[in-house]
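The values are calculated or read from the model by the stated rules, or taken from the named source; none is laboratory data. Note that the structure is predicted; figures quoted are calculated from it, not measured. Cβ placement follows ideal geometry from the backbone for every residue including glycine, while neighbour counts extend to all protein chains displayed.
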Amino acid sequence: MPALFDDCVFGLEHDAKVGKQPEPLAGWYAWAWSPSPGHSLVVDSTTYPRIEKYVKAVMSRFKNDSRIFIWDLYNEPTNGGLGTATLPLLTNVIKWARQVSPVQPLTVGIWNGNKRLNDIALTGSDVVSFHNYSNKENLEK
């Protein structure tokens, strides 16, 4: 299940960079987990043509590949402090993925109670996927 994008930030960097990376932080497994495509690209719609090209190139290459069970188009959109700024890109990523017409289903995981985000994710997904960071009782709700 490839994940094309991810808003999560578990480190100091909100954008990927080429070159020497930050030194590891002792005891922290995700010390340098930076989001993809990076916060600065998410909020800059002038970068969307490049992002569209990436989505379509990757998905076109593997759209009939039996090794791909499902496409996770965007892991935890709006996480990492971006809030609703991610929603325009997410909406476009879903549209671009549909234009490729992969044989595999698409999903955008539900991970919080943001109704606007969840409506986009559910509408754009063939399969509902989710992350539960709470207890069993809240999961059952």
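Taking VAL55, is it touching a residue at least 12 places away in the same chain (Cβ under 8 Å) and either among the basic types (Lys, Arg) or surrounded by fewer than 13 Cβ atoms within 10 Å (Cβ to Cβ) (or both)? So that I can check it myself, show each step before the final result.
Details: touching a residue at least 12 places away in the same chain (Cβ under 8 Å): yes; either among the basic types (Lys, Arg) or surrounded by fewer than 13 Cβ atoms within 10 Å (Cβ to Cβ) (or both): no.
So VAL55 does not fit the description; no.
Quick test for you: out of GLU52, GLU76, pick the one residue that is in contact with a helix residue (DSSP H, G or I) (Cβ under 7 Å, 6 or more places away or on another chain), acidic (Asp, Glu) and either modelled with pLDDT of 95 or more or closer than 14 Å to PHE5 by Cα (or both). Don't jump to the end; show me each part of the working.
Working: GLU76 fails: in contact with a helix residue (DSSP H, G or I) (Cβ under 7 Å, 6 or more places away or on another chain).
Sole residue among the options that is in contact with a helix residue (DSSP H, G or I) (Cβ under 7 Å, 6 or more places away or on another chain), acidic (Asp, Glu) and either modelled with pLDDT of 95 or more or closer than 14 Å to PHE5 by Cα (or both): GLU52.
Could you list, in sequence order, the residues of the stretch 68-106 that are part of a loop (DSSP other than H, G, I, E, B), out of contact with any strand residue (DSSP E or B) (no Cβ under 9 Å at 6 or more places or on another chain) and within 28 Å of GLU13 (Cα to Cα)?
Within the stretch 68-106, the first condition is being part of a loop (DSSP other than H, G, I, E, B), and the residues that meet it are 68-70, 76-78, 82, 101-105.
Next cut, out of contact with any strand residue (DSSP E or B) (no Cβ under 9 Å at 6 or more places or on another chain) only: 68-69, 78, 82, 101, 103.
Residues satisfying the conditions are THR78, LEU82.
Just checking, how many residues over the stretch 58-86 are of a type in the set (D, E, K, R) and either in contact (Cβ under 8 Å) with a residue 60 or more places away in the chain or touching a Leu at 6+ places or on another chain (Cβ under 7 Å) (or both)?
Restricting attention to the stretch 58-86, the residues satisfying the condition of being of a type in the set (D, E, K, R) are 61, 63, 65, 67, 72, 76.
Now restrict to residues that are either in contact (Cβ under 8 Å) with a residue 60 or more places away in the chain or touching a Leu at 6+ places or on another chain (Cβ under 7 Å) (or both): 72, 76.
So the answer is 2.
A quick yes/no check of all residues on (1) in contact with a helix residue (DSSP H, G or I) (Cβ under 7 Å, 6 or more places away or on another chain); (2) more than 21 Å from THR46 (Cβ to Cβ):
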residue	(1), (2)
LEU87	yes, no
LEU90	yes, no
VAL93	yes, no
PRO102	yes, yes
ASN118	no, yes
LEU122	no, yes
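Give the number of residues within the stretch 1-37 that are over 27 Å from ASP126 (Cβ atoms) and part of a loop (DSSP other than H, G, I, E, B).
Qualifying residue count, the stretch 1-37: 22.
Criterion first (part of a helix (DSSP H, G or I), at negative phi and among the hydrophobic types (A, V, I, L, M, F, W, C)) does VAL128 satisfy it?
It is false that VAL128 is part of a helix (DSSP H, G or I), at negative phi and among the hydrophobic types (A, V, I, L, M, F, W, C).
Quick one: would you say SER60 is surrounded by 12 or more Cβ atoms within 10 Å (Cβ to Cβ) and at pLDDT 90 or above?
Values: surrounded by 12 or more Cβ atoms within 10 Å (Cβ to Cβ): yes; at pLDDT 90 or above: yes.
It is true that SER60 is surrounded by 12 or more Cβ atoms within 10 Å (Cβ to Cβ) and at pLDDT 90 or above.
What are the pairs with Cβ atoms under 7 angstrom where one residue, in the stretch 103-121, is modelled with pLDDT of 95 or more and the other, located anywhere, is surrounded by fewer than 18 Cβ atoms within 10 Å (Cβ to Cβ) and basic (Lys, Arg)? Sequence gap at least six, or different chains.
From residues that are modelled with pLDDT of 95 or more, the pairs are VAL103/LYS63.
Filter the stretch 131-141 for residues that are part of a loop (DSSP other than H, G, I, E, B) and out of contact with any Phe, Trp or Tyr (no Cβ under 7 Å at 6 or more places or on another chain); which is surrounded by the fewest Cβ atoms within 10 Å (Cβ to Cβ)?
LYS141
For the stretch 38-67, which positions are within 16 Å of the chain's Cα centre (by Cα), assigned to a helix (DSSP H, G or I) and more than 24 Å from SER101 (Cα to Cα)?
HIS39, SER40, LEU41
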